[in-house]
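J.: Pasting in a structure now, in structure tokens, and then I'll have a few things to ask.
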Amino acid sequence: MPSFDIVSEVDKQEVRNAVDQVNKEISTRFDFKGSDARVEQTELQLTVFADDDFKLEQILDILRTKLTKRAIDVRCLEKGQIEKISGNKIKQQVTVKTGLDTELAKKIIRNIKDSKLKVQASIQGEAVRVTGVKKDVLQEAIQCVRKMVIDFPLQFQNFRD
């Protein structure tokens, strides 16, 4: 029976490469000369350090640019609160979200069922598996999901006949 999976994944190595590029660009830019601006990474948790809000936004802009060039959707970034650290310096946590949470997965399944397509959808861990009789119907289901979800990056994998 034909099927495919709806997932949300990010290539960790590409994120690491983008962070390295951001730090390299910050070290060479004139407007960051003498500042303690940098991005640190632990798995999919990024910490952005800057001297003030303006520089923090510049670093986040550079980060978004580098991630986009490496084919990582920036909609997966979730910014945390800006925290004040010693002196004037600030930091901000940025989380790279992966996997579908159950609320979004239920929303996807509800949308597929409301579309009246002859497919079945079920939650498989952090993915949604969609099965159907014909692959044409599955392709219609993919188009239906693409129209619905605009605030979170999704990938369609394991398309099987």
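Here, each number is a calculation from the coordinates, and none is a lab measurement. No experiment lies behind these values; they were computed from the predicted model shown. Because the Cβ atoms are built from the backbone with ideal geometry, glycine has one as well, and the counts that use them run over all protein chains shown.
J.: Testing residue 138 on (1) in a helix (DSSP H, G or I); (2) farther than 30 Å from residue 19 by Cβ; (3) under 22 Å from the mean Cα position of the chain (by Cα), one condition comes back false. Which one is that?
T.: Looking at each condition in turn, residue 138 falls short on (3).
J.: Now for a separate question. Could you tell me whether any residue of the range 75-97 is over 17 Å from residue 8 (Cα atoms), touching a Cys at 6+ places or on another chain (Cβ under 9 Å) and of a type in the set (Val, Ile, Thr)?
T.: No, the range 75-97 contains no residue that is over 17 Å from residue 8 (Cα atoms), touching a Cys at 6+ places or on another chain (Cβ under 9 Å) and of a type in the set (Val, Ile, Thr).
J.: Among the candidates 108, 150, which residue alone is out of contact with any strand residue (DSSP E or B) (no Cβ under 8 Å at 6 or more places or on another chain) and closer than 30 Å to residue 46 by Cα?
T.: After ruling out the rest, the residue left standing is 150.
J.: Any residue that is of a type in the set (Ser, Thr, Tyr), touching a residue at least 24 places away in the same chain (Cβ under 8 Å) and surrounded by 13 or more Cβ atoms within 10 Å (Cβ to Cβ) - is there at least one of those in the range 94-105?
T.: Yes - at least one qualifying residue is present in the range 94-105.
J.: For the range 72-88, name all the residues that are touching a residue at least 24 places away in the same chain (Cβ under 8 Å) and among the charged types (D, E, K, R).
T.: Once the filter is applied, which keeps residues that are touching a residue at least 24 places away in the same chain (Cβ under 8 Å) and among the charged types (D, E, K, R), the range 72-88 yields 73, 75.
J.: Considering only the range 115-131, I want to know if a residue exists there that is in a strand (DSSP E or B), in contact (Cβ under 8 Å) with a residue 40 or more places away in the chain and within 24 Å of residue 15 (Cβ to Cβ).
T.: Scanning the range 115-131 turns up at least one residue that is in a strand (DSSP E or B), in contact (Cβ under 8 Å) with a residue 40 or more places away in the chain and within 24 Å of residue 15 (Cβ to Cβ).
J.: Is it the case that the range 56-67 has a residue that's in contact with a Ser or Thr (Cβ under 7 Å, 6 or more places away or on another chain) and of a type outside the set (Gly, Ala, Ser)?
T.: Looking through the range 56-67, none of the residues is in contact with a Ser or Thr (Cβ under 7 Å, 6 or more places away or on another chain) and of a type outside the set (Gly, Ala, Ser).
J.: Could you run through the range 106-148 and say how many residues are in contact with a helix residue (DSSP H, G or I) (Cβ under 7 Å, 6 or more places away or on another chain) and surrounded by 13 or more Cβ atoms within 10 Å (Cβ to Cβ)?
T.: Residues meeting the conditions: 15.
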